[in-house]
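K.L.:
Got a structure here, written out as structure tokens. Questions coming.
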Amino acid sequence: MAAAESSAATGMRKAPSMEWRWVSTEDDDDEEDRAGAAAAAVGAVGRGGSFESEEDEDGEDEDDEEEEKGKQRLIRTVPSVDWFDVEGNEVSVAQEVEDSEEFDFGRTMFLALQTLAVVFGDIGIGPLYTFDVMFNKYPIHGEEDVLGALSLVLYTLILTPLVKYVLVVLWANDDGEGGIFALYSLICRNAKVSLIPNQVQSEKRMSSFRLKLPTRELERSIKVKAKLESSLLWKKLLLGLVLFGTSMFISNGVITPAMSVLSAVSGLKVGIPDTSQDVVVMISVALLVILFSVQRYATSKVGFAIGPSLLLWFCCLGGIGIYNLSLYGPTAFKAFNPLYIIHYFGRNPFQAWLSLGGCLLCATGSEAIFSNLCYFPVRYVQYMFVLLVLPCLVLAYLGQAAFLIANQKSSELVFFSSTPSGFFWPIFLVANLAALIASRTMTVAIFQCLKQSIALGCFPRLKIVHTSRKFMAKIYIPVVNWFLLVSCLGFIVLFRNKYDVGNAYAIAELGVMIMATVYVTIIMLLIWESNIIKVLSFVITFLFLELVFFSSTLSSVGGGGWALLIFASVLLLIMFIWNYGSKLKYDSEVKQKLSKDLMRKLGPNLGTIRAPGLGLVCSDIVKGVPAIFGHFLTSLPAIHSIIVFVCIRNVPVPVVPQTERFLFQRVCSRGYHMFRCIARYGYKDKKQEHHSVFERLLIEGLEKYIQREAVELSLQSEGDVDSDEEPPTPVKIITAPNGSLYSLDVPLLADYAPSTEVIPEASCSTPQHEPVLDYAHNLELELAFIKQSKQSGAVYLIDNPIIKARKDSWFFKKLMINYFFAFLRNNCRRAIMLMSIPHSNMMQVRMTSYV
């Protein structure tokens, strides 16, 4: 016990993280004095109910907006102290995994094959359709046309997948997580840009803090952070961009299976010339139905077999390329000269500009490389792309170009036409298998993207199935899976050819690429603190290229892109309505929360009878007493002896360690037996915990919190440290029928009538003097009381409000909130419902809130 107390006391005195901020030179001394005073007060932090930071949570926003124009400089300051901060410091442990494992050839080969199957399936299917779509808009008139198109493809392949994604964007991962929402969560964790202000200071202490020295890059980073945090327009713009990028990414996942499978099955027209397009469409539909029907098993069991299949496909690409180069000559190697791109545009500028959309198809799957990063280390992905994927793709395009130079009239189905006749059918089968793998790659990436967006409150909650007990990243979302199938079939039946589908494919891919460029640029300024020349080089180069490509794809909106834009707009509208309604709901709950003064007037018994048991009041607010608790007090004849206000909080990190899952704080004084608990989950964490497991972990965390609190109180008493805390009131005692003494500060655990006798102190030989506080004795009483309440059982008091727009609201707001948002809320899952709580342990109340 003594060791535990010593450990707790040591942890409680960890220095808080330093923060950098700008101050004017005239106020330097004052700021440094306040910082020193705050640092000195850290040792006195930890007295449960003494910090009422929720009362002034918006105080920082009311500072004077006028800034002095004099000289400014950076100083280190200590953030304001809150019990949640102390709790976060206590439990935060940097869990770094050292790369000291010995080389294992078997494990390395296994990871390499899995990397091929999961990460590179989409980009590896590009040779099936890239030249077909390009030369559908730019007819071949000579050898230079082929070399110009090939040079454009080669440098697009080098710049976008290799330089941008593999060498730069992959390093912008969020602790191993990739995707557009991982970029957004990384920014949210480093700057307060979320429109729902439910962050707590302790979230910054879940990761180790790196002390930074003042540099020019740090000054620029702080200015960028201040601009993002102070501007509501920038916050809305960042959210709008990430929602737009997500809608385009999901649209990309719908187009990928349609384009890949349709292009692969079209090879039948080469093997069997009489094959009609109707037969191609029917076979494509059948293959997609089979693929999505086994998708749940493909993420766990079948997934182990597709790695070798994709390795065989890349070997076929490289082999066919070498065959064509040896058969038709090495003329295609001239395309490495970028001057051919200039000649390509010089001969027919308009048609060359139109063909850019087809050229981009060689880089489709670049975003999937980043989105599926959660499965593998960055180095494995980089090595596999540079050593295997890129060489095979380059050889494939060189071989197709060599074939086209010799056969300039065969610009359709270039891949299958350039295949050796003796190996056509085996390659046809491998190509169809690779197309199915590419489709699966994008589907898996969409599952990961939607899980991240759900965790960050930007998409309605859906059922998520974990298909592997060993790997948390392997998930399956049934509703999304069948929705993607129906959408894919709709695109195939609607367009029936790969050219119109390819137009839509390029628009979706470019939408995601542009959003990634914008967010990585912000990360380079805000987090990486990169040199400004590097930042400008990155953003100007890639944003310019992508906007040029995007302008080309928009010209083909009438040829297939219109359907994708409508589809993406519907998705964007769903995410916007959900986020907008959730923000209004949260703001309404914050405005209606109960004040501390009301709780103090009610007294420790809360104006009612305290019955044995644990009451878990679930709400979304992280500070204050939710309004629904007042409804319980006025409607129920009794309230539980221990009340815990539980907020399940999705924080912008991939994983929250189990030791950092819960944060606790007292609400009011010790006699109320009321606590606040924030249960923190990362967007990669599994939230389907059984309610009994959740209760056990919560109670264990509560007991540890009370023990740490008692240690701090005893240390403070011994050291005679000044505190703003109100001293505990004398303990009132009542007598039970069996003669035992009980404290009124602890709600009764037995059925007896209290007597009117009041003893000044529970156990004191000198009652005439000031009360002597026995913290160890109080700790034992409170722990025993918690144990007794645990045995009596836990009841979940859940608020399930009806959200409606006010009568004076504008028409579109009423339409979105009263109908669309209500429909989404009624058909999605609540976070607390994922625990399978029995109906006997749950009490729901529906109140109407007008927003």
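The values are calculated or read from the model by the stated rules, or taken from the named source; none is laboratory data. Quantities reported herein were computed from a predicted structural model and do not represent experimental measurements. Cβ coordinates were reconstructed from backbone atoms using ideal geometry, including for glycine residues, and neighbour counts include every protein chain displayed. The accessibility values were calculated without ligands, DNA or RNA, using every heavy atom of the protein model including side chains. Shrake-Rupley method; radii C 1.70, N 1.55, O 1.52, S 1.80 Å.
K.L.:
Relative to the present Cα-Cα distance, how much length would full extension add between Ser635 and Ile802 at 0.36 nm per residue of separation?
P.N.:
Details: separation 167, 0.36 × 167 = 60.12 nm, distance 1.84 nm.
Contour length minus Cα-Cα distance gives 58.3 nm.
K.L.:
What FRET efficiency comes out for Arg347 versus Ile290 if R0 is 35 angstrom and r is the Cβ-Cβ distance? Round to the nearest 0.05.
P.N.:
Efficiency computed from Cβ-Cβ geometry: 0.20.
K.L.:
Indicate the gyration tensor shape class of segment 484-528 (rounded, prolate or oblate), computed on the Cα atoms with a ≥ b ≥ c the square roots of the eigenvalues: a/c under 1.5 is rounded; otherwise a/b larger than b/c is prolate and the rest oblate.
P.N.:
Cα axes put segment 484-528 in the prolate bin.
K.L.:
Moving on. Give me the distance in nm between label points sitting 7 Å out from Cα along the Cα-to-Cβ direction at Ser231 and Leu554, one decimal.
P.N.:
Distance between the two pseudo-spin positions: 2.2 nm.
K.L.:
Still on this structure, I have one more. Can you tell me how much longer the chain between Val493 and Asn531 gets when fully stretched, taken as 0.36 nm per residue apart minus their C-alpha distance, in nm with one decimal? Don't skip to the answer; put the middle values down first.
P.N.:
On the way: separation 38, 0.36 × 38 = 13.68 nm, distance 4.99 nm.
Using 0.36 nm per residue and subtracting the Cα-Cα distance, I get 8.7 nm.
K.L.:
Additional query: Ignoring ligands, DNA and RNA, please state the percent of accessible area on segment 327-481 from carbon and sulfur, probe 1.4 Å.
P.N.:
67
K.L.:
Considering only Cα-Cα distances, which of the following residue pairs are longer than 25 Å: Lys223/Lys583; Lys236/Lys498; Lys192/Lys583; Lys236/Lys463; Lys463/Lys790; Lys451/Lys790?
P.N.:
Lys223/Lys583; Lys236/Lys498; Lys236/Lys463; Lys463/Lys790; Lys451/Lys790
K.L.:
Which FRET efficiency value, to the nearest 0.05, do you get for Asp278 and Glu412 by plugging their Cβ-Cβ distance into 1/(1 + (r/R0)^6) with R0 = 22 Å?
P.N.:
About 0.80, to the nearest 0.05.
K.L.:
Kindly sort Arg461, Arg649, Arg216, Arg846 by accessible area of their heavy atoms, largest first, with the probe set to 1.4 Å.
P.N.:
Arg216, Arg846, Arg461, Arg649
K.L.:
Sticking with this one: Provide Rg and Dmax in Å for segment 303-380, with only Cα atoms included in the calculation.
P.N.:
Over segment 303-380's Cα set, Rg and Dmax evaluate to 17.6, 49 Å.
K.L.:
Can you give me the distance in nm between label points at Ser421 and Tyr819, each placed 7 Å from the Cα along the Cα-to-Cβ direction?
P.N.:
6.3
K.L.:
Working with all protein chains in place, sort Asp620, Asp174, Asp597 by solvent-accessible area computed with a 1.4 Å probe, largest first.
P.N.:
The most accessible residue leads, giving Asp597, Asp620, Asp174.
K.L.:
Based on the Cβ-Cβ distance from Asp597 to Ser840, what FRET efficiency comes out when R0 is 41 Å, to the nearest 0.05?
P.N.:
Numbers: r = 35 Å, r/R0 = 0.86.
About 0.70, to the nearest 0.05.
K.L.:
Size of segment 585-695 along its principal axes in angstrom, Cα-based, largest extent first?
P.N.:
Here the spans come out as 42, 31, 23 Å, largest first.
K.L.:
Would you please give the residues with an amide H less than 5 Å from that of Ser849, counting only those at least 5 places away or on a separate chain, with H modeled from the backbone geometry?
P.N.:
Result for Ser849 returns Ile802, Ile803, Lys804.
K.L.:
How much length would be gained if the chain were fully extended between Thr331 and Cys828, taking 0.36 nm per residue of separation minus their Cα-Cα distance, in nm to one decimal?
P.N.:
Additional length available on full extension: 173.1 nm.
K.L.:
I would also like to ask the following. Can you send over the solvent-accessible area of Asp274, 1.4 Å probe, protein chains only, in Å² to the nearest 10?
P.N.:
140
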